[in-house]
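As structure tokens, the structure follows; a few thoughts come after it.
The values are calculated or read from the model by the stated rules, or taken from the named source; none is laboratory data. Remember, it's a predicted structure, so these values are computed and weren't measured experimentally. Cβ: placed from backbone, ideal geometry, glycine included. Neighbour counts: every protein chain shown. To get the accessible areas, we keep the full protein, side chains included, count just its heavy atoms, and leave off ligands, DNA and RNA. Shrake-Rupley method; radii C 1.70, N 1.55, O 1.52, S 1.80 Å.
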Amino acid sequence: YHGIFSLPLAFGGYHLAQLLQDETEHIKCFVEGKDLTCFWEERNNLHHQYTFTYSYENKNKMACAVSSLLASNKTIFFCKLPKTPFFTTLDVQVLRDGRMLYTRSLNAENFLFLDPPRNLTVMSSGKEGQLNVSWLPPPLKYMDDSMIYEVRYAVEGSNMGKVEVVKVSTMLVLLGLQSDTRYKVWVRVKPDGVAYKGYWSAWTEPVFGVTPPSDVDPLIVLLVLFIGLILCLLSLTVILSHHKFLLKKLWPDIPTPEHKFPGLFTVYKGDFKEWMSQNNGSMWGRSVHVYTEELPSLLEVLSEVSRTSHDTSQREEEEEKESESSDSGLTDRWRDPPHAHWLMEQLRALQENPESRCQSSLLQSHDTYVTLNQGDNEQQVDDVFEETLPLQTLFTTTGTSSLSTSHSDLGSLQQSSGSGRLSSQSSFEYPNHTWAPKGPGYAYMAVADSGVSMDYRPMSSSRIAELGRHRMYTNDYKNEICPHKWPLSGQYIKSGSESCTGPVW
Amino acid sequence: VFQGCGGLVSVLIVFVWLGGNQVSPLRPICDLRVLEHFIREAQDSEVIMRGCRGGCGAMKSYFVPLTSVDFAFWEHIDVHEQAVEVQTGLSLLVQALSTAMKAVSNSRLASALDNNISNIHSLSQILSTVLPDDSAPASTQSQEVSSLPELLQVQSSFLRGKVRLLLSAAPACQRQNS
């Protein structure tokens, strides 16, 4: 390292001159390495003889060779003491032409001007917003652990710099930096002021470092994935342990009335008539449950039979039947109970009648029968049935009791409140009455609710009355949907399956 | 058994690693921060002295050790010679400070001087532990100062210079070169 004064003032000397601007003494001194250099300024146009003397510890004065350095408008005279004694008071004097000009007493160890730190390195620590800065102290003996450092850093191109002071240690971790940014870092050093004192050294050449980009810590990603996996496993376990319950909720079973009819499907293979004859006694003794899944459904009158004389006499019986009804959906009282009762009896009689044109396996699920009152059902049923449209059986009586009935759960009662709305209820227990067809007079439909919806268009009651004069319509099925559409204007109904026969006009 | 050995080895490795990373000297007695504490207290006495108006203490002359250090010369002196010189100088300082303390009228300065005396006693003990002073105390050169401020400055310079250089250069206190 060259002496400061061996270089032009533009470099190190200028820096030192800046540092010593606050020095009030005329003689300014600094220690560079192990040698003390003292200098003073004089104006140019003066030509004098300068002598520099120093002494310490009551010894004799010693002289030092004075050199000069020409600046723009001044001259700098300096002297470098050979073998500078430290830790003792030095008395220095400047004599101009033999006369004392300046004098000063100082301890050399208090004016150290160190070299800047070496090997400054800036590295990314891998963590977001951090940089590792490290350097080496200037090569001075006995002073390694009595130095203090100052680290200055700024974003490249910015003038706003921050300063960090570091004692003794020769490395520093910069925190709180912007991610993915290029930083400039400088370091300088000074004696810590206990054993040695001095001036701040010159800044090192700037070293650049780039902070790592802010991305997700892989550890965090792994943790998130791991927790997600655990949650999935937990939910899977819960689902599997309750899969039956969830399956029931999402994919409900189609209810079958099999449990209500023991042996109907297994033994008698669906032959209801046979099953009825065998299980006659046990059937009615059982309580009937109201199935809450059943919805009210509309009925349509297709034909009409004439009233019989038994209507009025059966009014009382009807009222009794009504009390036995366990319809959960009945909201309106039907207006003509006697007809319902008559219908039940007719249905029952038909079931027992072997001459029935209809097949006995007509209604296999719990069927509902609805009677229609001719007088009430003037209006057309407007609504289209949905969901649990029952399979329907239309019976027309023209004097003959050619009705097929079933002893399935009877008891659907018409609900007609003038709006033409029909609703069939789930089955309810019907007392053990024999049905006797009362003769023609009313058209009625057997509504069977098998949980299967069927779409059809309603008919007007007048039309139904017209139909009633002609023929009977049977709708045989075995848990099948007969894709019929009720005509509005007497269109031909074609049977969609073998088991279905449509009306013949 | 193997688990215990593995644990012990790992613990030892941790300690070795920790020891290798230390900046301070290996022996606690070689810690220069103790000496730096004494140096600061000696400088505190100088500050109190400067605040004295009208002379807090008697203006006497004291015999004090030489404090100047020529690095080139000092490095060629044997460590033991250095130790002898330092110990002699410390005893001289104690004598001078004791004399000064008796004559000082300012109580604050007197207590500071008393503190300095006890510090120098501690330093003597530290140095005798680090560098056994087996050779006889040689007749070292001394100088004479005429005032208490000069005495305090000599004390400060002596501690910062020769005492500190000796302690940092003592063989028992040398750090392992990495």
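Any residue that is charged (D, E, K, R) and within 14 Å of chain A (Cβ to nearest Cβ) - is there at least one of those in the range B:112-120?
No, the range B:112-120 contains no residue that is charged (D, E, K, R) and within 14 Å of chain A (Cβ to nearest Cβ).
Mind listing whichever residues of the range A:109-144 are within 14 Å of chain B (Cβ to nearest Cβ), open to solvent by 40 Å² or more (accessible area, probe 1.4 Å) and at pLDDT below 90?
Within the range A:109-144, A:Pro139, A:Lys141, A:Tyr142, A:Asp144 qualify.
Filtering the range A:152-180 down to residues that are open to solvent by less than 70 Å² (accessible area, probe 1.4 Å), away from every other protein chain (no Cβ under 14 Å) and among the β-branched types (Val, Ile, Thr), which residue is farthest from A:Val210 (Cα to Cα)?
A:Val173
For the range A:78-88: of the residues being at the interface with another protein chain (Cβ under 7 Å from one of its Cβ atoms) and open to solvent by less than 40 Å² (accessible area, probe 1.4 Å), which is farthest from B:Ser157 (Cα to Cα)?
For the range A:78-88, the residue satisfying everything is A:Pro85.
In the range A:55-86, which residues are within 18 Å of A:Cys29 (Cα to Cα), of a type in the set (S, T, N, Q) and without any contact (Cβ under 8 Å) to a residue 24 or more places away in the chain?
Selection gives A:Ser68 alone.
So, in the range B:44-60, how many residues would count as being open to solvent by less than 50 Å² (accessible area, probe 1.4 Å) and within 14 Å of chain A (Cβ to nearest Cβ)?
Within the range B:44-60, residues that are open to solvent by less than 50 Å² (accessible area, probe 1.4 Å) and within 14 Å of chain A (Cβ to nearest Cβ) number 1.
Counting just the residues of the range B:61-84 that are within 13 Å of another protein chain (Cβ to nearest Cβ) and charged (D, E, K, R), which one comes out least open to solvent (accessible area, probe 1.4 Å)?
Restricting to residues being within 13 Å of another protein chain (Cβ to nearest Cβ) and charged (D, E, K, R), the top hit is B:Asp70.
Does B:Ile39 meet the test of being open to solvent by less than 20 Å² (accessible area, probe 1.4 Å) and in a helix (DSSP H, G or I)?
Judged against the criteria, B:Ile39 is a match.
The rows are residues; the columns are (1) touching a Phe, Trp or Tyr at 6+ places or on another chain (Cβ under 9 Å); (2) open to solvent by 50 Å² or more (accessible area, probe 1.4 Å); (3) away from chain B (no Cβ under 14 Å).
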| position | (1), (2), (3) |
| --- | --- |
| A:Gln18 | no, yes, yes |
| A:Gln21 | no, yes, yes |
| A:Cys29 | yes, no, yes |
| A:Glu41 | yes, yes, yes |
| A:His47 | no, yes, yes |
| A:Ser72 | no, yes, yes |
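Please note which strands (runs of 3 or more DSSP E) are completely contained in the range A:94-195 and include at least 1 residues that are not assigned by the TED database to the domain that holds A:Cys38.
A:118-124, A:131-136, A:147-155, A:161-167, A:171-174, A:182-191
Would you mind finding the one in A:Lys80, A:Lys59 that is charged (D, E, K, R) and assigned to a loop (DSSP other than H, G, I, E, B)?
A:Lys59
Among the residues in the range A:240-247, are any without any contact (Cβ under 8 Å) to a residue 60 or more places away in the chain and not in a helix (DSSP H, G or I)?
Within the range A:240-247, one or more residues are without any contact (Cβ under 8 Å) to a residue 60 or more places away in the chain and not in a helix (DSSP H, G or I).
Looking at the range A:89-102 only, could you name the residues that are more than 14 Å from chain B (Cβ to nearest Cβ) and within 30 Å of A:Ser146 (Cα to Cα)?
A:Val92, the sole residue that qualifies.
Are any residues in the range B:163-173 surrounded by fewer than 24 Cβ atoms within 10 Å (Cβ to Cβ) and either of a type in the set (Ser, Thr, Tyr) or facing chain A (nearest Cβ under 10 Å) (or both), and if so, which ones?
B:Leu165, B:Ser168, B:Ala169
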